[in-house]
Amino acid sequence: MTIMIAAWISGIALAIGAVLSLVRLARGPSILDRTIALDVLLVIIMCGLCLDMAVNQHLNHIVFIVVGCLVAFIGSVTIARYVTDRRNP
């Protein structure tokens, strides 16, 4: 019973964070703001998958979490390199 209460509270917090991240993704004035918002959204999705694994006691989503971490890291580094190269002509 206690795990379900904690799961509901965590799920609500993750949902609020996802909505706020989507707002920043839509309103962000620069590409770096949008990149950070997208990374936060990916982390929130991965945390939701971890929460599902903890509540249901399985490891079915572990591959998606590892791939999501790799995609988020490579995407962030690529965009940071792109922005750095554009600022230094």
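The values are calculated or read from the model by the stated rules, or taken from the named source; none is laboratory data. It should be emphasised that the depicted structure is a prediction, and the values quoted were computed from it without experimental measurement. Heads up, the Cβs are rebuilt from the backbone with ideal geometry, glycines too, and the neighbour counts pull from every protein chain shown. Surface accessibility is based on the protein's heavy atoms, side chains included, excluding ligands, DNA and RNA. Shrake-Rupley method; radii C 1.70, N 1.55, O 1.52, S 1.80 Å.
At-a-glance table
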| read-out | value |
| --- | --- |
| Relative contact order for the chain, counting Cα pairs under 8 Å that sit 6 or more residues apart, in percent | 27 percent |
| Magnitude of the charge dipole, the chain, Cβ model with Lys/Arg +1 and Asp/Glu -1, debye to 20 | 340 debye |
| Radius, Kirkwood style, for the chain when every pair of distinct Cα atoms is counted (Å) | 14.6 Å |
| Tilt relative to the chain, helix 31-56 - C-alpha long axis, 0 to 90 degrees, to 10 | 20 degrees |
| Sum of side-chain charges, ILE36 neighbourhood, beta-carbon under 15 Å (Lys, Arg +1; Asp, Glu -1) | +1 |
| Accessible area per residue in Å² at 1.4 Å probe, computed on the chain | 74 Å² |
| Accessible surface of the chain [probe 1.4 Å, protein heavy atoms]: carbon and sulfur percent | 74 percent |
| Sum of -39500 (n - 2.57) over DSSP H runs of 4+, divided by residues of the chain (222 nm, nearest 500) | -31000 deg cm²/dmol |
